[in-house]
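What follows draws every value from the coordinates through simple rules; no lab data is involved. All values derive from a computational prediction rather than experimental measurement. Neighbour counts are summed over all protein chains in view; Cβ atoms, including those assigned to glycine, are modelled from backbone coordinates with ideal geometry.
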Amino acid sequence: MSLRQRRRRRRAPSDNLQVITDTISVISFPMKQIHSTRRLRDTERRPSHAPGLRPGWALALLLTLSACGGGGGGDSAPATGSTAAPAASASDPAATLPIDGVATFESVPSTRAGLTYGAGSAKPIRGAVVEIVDGVGATVATTVTNATGAYRAFVRPNSTVSVRIKAQTTQSAGATAADVSVRDNTNGDAIYALQTPAFDVGSIPFVRNVSAPSGWTGNGYGAARAAAPFAILDTIYTTQAKLLSVAPATAFPPLQVFWSVNNRPAAGNAAQGDIGSTAFTSNARGFAIYVLGRENVDTDEYDASVVAHEWGHYYQAAFSRDDSIGGPHSSNDRLDFRVAFSEGWGNAWSGIALGRDDYTDSFGPQQAQAARTSLSNAAVPSPGWFREDSIQSILWNLNQQVGFKGIHDAFTGTLRRGAAVTSIHSFAAAYGAASPNEAPVLARLLGGQAISPATNDAFGTSETNNGGVPSALPLYRGVTVGGSTQVCVNFQAGTGNRLGNFAYLRFTAPAARTYAITATGGAGSNPSLAVWGAGSGLIAASSASGSTDSVSPRLPAGDIVISVNDINDSIASPCFTVTIQ
Amino acid sequence: MKRPAAGILAGLMLAGLVMPLAACADGVAPRATGEHARTPTRLETAPRKVNGSGITVRYQVPAATAPGQTARVTLVLDDVVDPDGASVRLAADGGLVLLQDGRPQALPAGRATTLEVDVTLQDAAAGYLSVFTTQRGVTSVTSIRVPVAGGTAATGSPTRLKETPEGEKLIVIPVK
């Protein structure tokens, strides 16, 4: 789904107004309007606990919404800016009795010593869906918690209800709220929810707080891990808030998060908990993040760095472009530059969003071990454009020195639209175009990592660091329409997704038409092709078996990029002749 | 995939340079790969976590093992680039019981290490062998599923699964 399509899904102000005008039954409005209603509710809350005030409140709300209609959205308050308890929907006119409450979860710090349960604290469950359900489980009122975890709902006096807090935020909570849900992949993808026992509400207003404990009982999880889904939701809420701080009108595509106490770092069937690792996925079903949860092996619900890293991949896929092929990687590896950029960005983003200078990941018996990575460290061994540590250092320090706005503008600018694949070079060019005044800061950071400091060179033509793999430069080799050129790949740095595994070519398509692109290798080789175009992203890819591969896409006029790799990895340094007709 | 590592491994195996597990807690003698006729014919590569040790874990497990019977898991640990070497520790998870000592043992730099690990499975659910690898002070863990003949892995608690009148599936966690 393109960004343009996603944005179309946002409601027009008139739509929201219509809903309110019709019934007052569904509070569905942009966050700007929630912000505007805050003053109203603050003043109303003092006398409001008397039944019967709600119609007046609704009228005032309607007037407030009308006053806000038609705004450009630039002054919209992000979701985190709201501190008033959002009011519940209530189509039942007899539902006049307010229930107020605060929803919290037990947050366990993830430190370099692992999870420190003794330092746990209650944090608000922010932006979550609250449902008031009756004795048979039917929903009688719906609202959302605000930035302090507060909610308000209206029910019938003397009725019997339960309060349910779902590990879900929804688009209807406001234009800037994302549709995010935390689900159990080992249990029918069901959404996690806290639920109180049923209680009689009586006839006077009262408070019903809800808290989710971690379930830790001293040396293990001896009780339900109620807080876990909400800890994940909270990290995502925080990452969204960081993006909203520079792009308040952002509309988030839906995101499903899958967590289970059975989620292990094992290959296999995700429905059985074998998810491989905490990871982001993007496919025809949409965007998803799988999160580990197996006690004494690896749990990530409190490892905010890990969750935020994966959300960084969501960000790049949803709002920018990510050409990474993924695969195994670590700080030790010299990587294909698409992979290095994507993973380095994920790490940097975790620190940018969470306000941290390190990345921690707990695991092991009682979650008492941890891996820690410094994000600020610029002393990367053998640095370069192929090192994820170099990328994370550059991006984290860039944010530290000049803020996130320019980074976001680069991601959503020419990085997304250019022909060059996503790498630190194409990012630098996009940054230079979007934030020319801050570009010298980026140039210094690039130079500090032995990367070409040019901030106007998306194809890295001035790059001189080959990472010990001579064939890695130039980054893109020229080829002409009607001609051919030879490129070689190699496995000096490893296989699959490493530096030198892919060769890149570029040419200028003189006109929009169908082009025949062929790569031919020697015996035993198995070339694979991919083609990108300016403004088009990935246009074509092929992985046919045999020593020749070809594609015949219709290409736009302008810059075109081709990648070639050898699927077999069976020849030390296979070479391919690439022709374009 | 992993052609260079496989080449190293083949050379090491020919030279008998594979490493058995350390002393066994239950008295089962550690055995070097060379003592067994079986050579792994196809190794699966275990998932690697972001920002982990960087060590590649490949493995082979029997297709299915009856509860109570011994199964042998073959591990090949590669990509030890730190000149000081790395280490591995094993742990049982789920219905799996380690028949050998899982305490940490060293992995030499620059070459693959093969381990053969004997385990049993206690019940009808799958068991998991957790492999903790540490390099340059960074540890990561991967789990290897050892399937039970006719068994299925445990999944979430069905008692908490509710379907609302609106048709939505929820895992309802009671709270006070």
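Peptides B:64-75, A:450-461 ordered by packing proxy, namely the average of other Cβ atoms within 10 Å per residue, highest first: A:450-461, B:64-75. In sequence order, the stretch A:98-111 has phi-based couplings of x, 10, 10, x, 10, 9, 9, 10, 7, 9, 10, x, 9, 10 Hz under the Karplus curve 6.51 cos²θ - 1.76 cosθ + 1.60, θ = phi - 60°, and Gly or Pro positions carry x.
How many partner chain Cβ atoms sit within 10 Å of a residue's Cβ in peptide A:346-353, on average, as a whole number? Don't jump to the answer; show the numbers that get you there.
Numbers: counts 2, 2, 0, 0, 2, 0, 0, 0.
Counting other chains' Cβ atoms within 10 Å and averaging over A:346-353 gives 1.
Rounded to the nearest whole Hz, the Karplus-based 3J(HN,Hα) values (6.51 cos²θ - 1.76 cosθ + 1.60, θ = phi - 60°) of the stretch A:206-217 follow the sequence 8, 10, 10, 7, 10, 10, 10, x, 6, x, 6, 10, with x at glycine and proline. With θ taken as phi - 60° and the Karplus curve 6.51 cos²θ - 1.76 cosθ + 1.60 applied, the whole-hertz 3J(HN,Hα) list for the stretch B:55-61 is 7, 8, 10, 10, 8, 9, 10 Hz, x standing for glycine and proline.
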